[in-house]
Each structure stands twice: as C-alpha cells, then as structure tokens.
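Following: one structure in structure tokens, then a few remarks.
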Amino acid sequence: MDQSNVRRVARRVVIGVVVGAQLFAVVAAYDSDHKVFGFQMFPEASRWSAEIVRVQSDGSVVALQDGWEYRWSDLVRGHGLTNPFPDHHADSGLRHQFALFQGALDWVAANTPADTTTSYLEATVTYTDNGRGPFTRTFRSVTRVVPTP
C-alpha cells in the first residue's frame, strides 16, 4: 500500500471514530439524568415545586420555612433550587431536575454542622409531566449522625 492509500484509510478511520463518538454521546444522553449532549428542540413542558421538612431525631417534623439555623437559599444555588417552594419550569426535564434536587438535599444534610437535631431532610415534590398530573414524589437526604445529648 502506498502513502496516499494509507492517508486515505487513516482519514476514514478518524472520521469514523469522531462520528461514532458523537452518535454514542447523543444516544447515551437520552438515558442520562443530565442531558449534556441530548439537545431537544422542543423540550418537555414540565413544572415542579417542593415542600422541604426536617425530620428530627425524635421523629417530629419541622417545615424548613418554620425556622432553622440556616437559609436554604444561602446553601443551594441554581436551576430553581435556590427557592424550590414556588412553581418552576423543569428546564432540562424532570429527571435532570430531580437528580439535581436529590444532590442538593444530600449536600445540605452533609454540610450543616450547626444543626444538631435534624436526622434527615425530606422533600415532597409536586410536579406535572408535560401537562399530565399533578403527581407527587418524595425525596429523602442521606441520614445524618445526630449527637446524643
């Protein structure tokens, strides 16, 4: 095989690998919570809102808005998570929003050391899925180690 044939084959291999990688990324995005490569021209028209409570070590439930050492909006930022209480559009779809919200709950539970009474955070999310619903889904943070008095 002469040098021009080697170059031709090499070009075809490189193009095939690049196109194959792009197709893999797009197909994989549709099965992912975060659709980085899964652009959709007409995204879903879903909406969501959340009520967050702190479940104390004694089992009592305290609404986040009823007083706490922390402010949720100071701890969590972006994608409607700063203020999850009013109705929001699910910008990149409900799966993406739910994954971000679960991560926010876990992060807040793990990074609030001054709170010595909360065992875990629990959120009830009310949502519509492309106009269908409303539905509810409950999310729970990781369980914290609460010091005993």
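Before moving on, here are some points about what is shown:
- Length gained on full extension, VAL62 to VAL18, computed as 0.36 nm times the residue gap minus the Cα-Cα distance: 10.5 nm.
- Among the chymotrypsin sites (Phe, Trp or Tyr not before Pro) in the range 90-149, none is located in a DSSP loop while being surrounded by at most 11 other Cβ atoms within 10 Å of its own Cβ.
- Helix 94-110 vs. the chain, principal-axis angle (Cα, 0 to 90°, nearest 10): 50 degrees
- To the nearest ten degrees, helix 3-29 and the longest principal axis of the Cα atoms of the chain are 20 degrees apart.
- R0 of 35 Å, Cβ-Cβ distance ASP106-THR136: FRET efficiency to nearest 0.05: 0.95
- Full extension of the chain segment joining VAL6 with GLU51 gains 9.9 nm, where the gain is 0.36 nm per residue of separation less the Cα-Cα distance.
- All Cα pairs of the chain, percent lying beyond 19 Å: 62 percent
- Ascending count of other beta-carbon atoms within 10 Å, so fewest first, for VAL27, VAL53: VAL27, VAL53
- Here's the picture: charge each Lys and Arg Cβ at +1 and each Asp and Glu Cβ at -1 in the chain, and of THR138, ALA10, LEU64 the one pushed furthest to the positive end of that dipole is ALA10.
- Simple Cβ-charge dipole of the chain, Lys/Arg +1 and Asp/Glu -1, about Cα centre, in debye nearest 20: 860 debye
- Least to most buried among ARG11, ARG140 (fewest other Cβ within 10 Å first): ARG11, ARG140
- Ranking of SER73, SER4, SER49 by neighbouring Cβ atoms within 10 Å, starting from the fewest: SER4, SER73, SER49.
- Antiparallel bridge percentage (DSSP; both residues within the range 47-140; nearest 5): 100 percent
Rule-based calculations on the coordinates, nothing more; no lab input. Computed from a predicted structure; not experimentally measured. In this analysis, Cβ positions are derived from the backbone assuming ideal geometry, glycine residues included, and neighbour counts consider all displayed protein chains.
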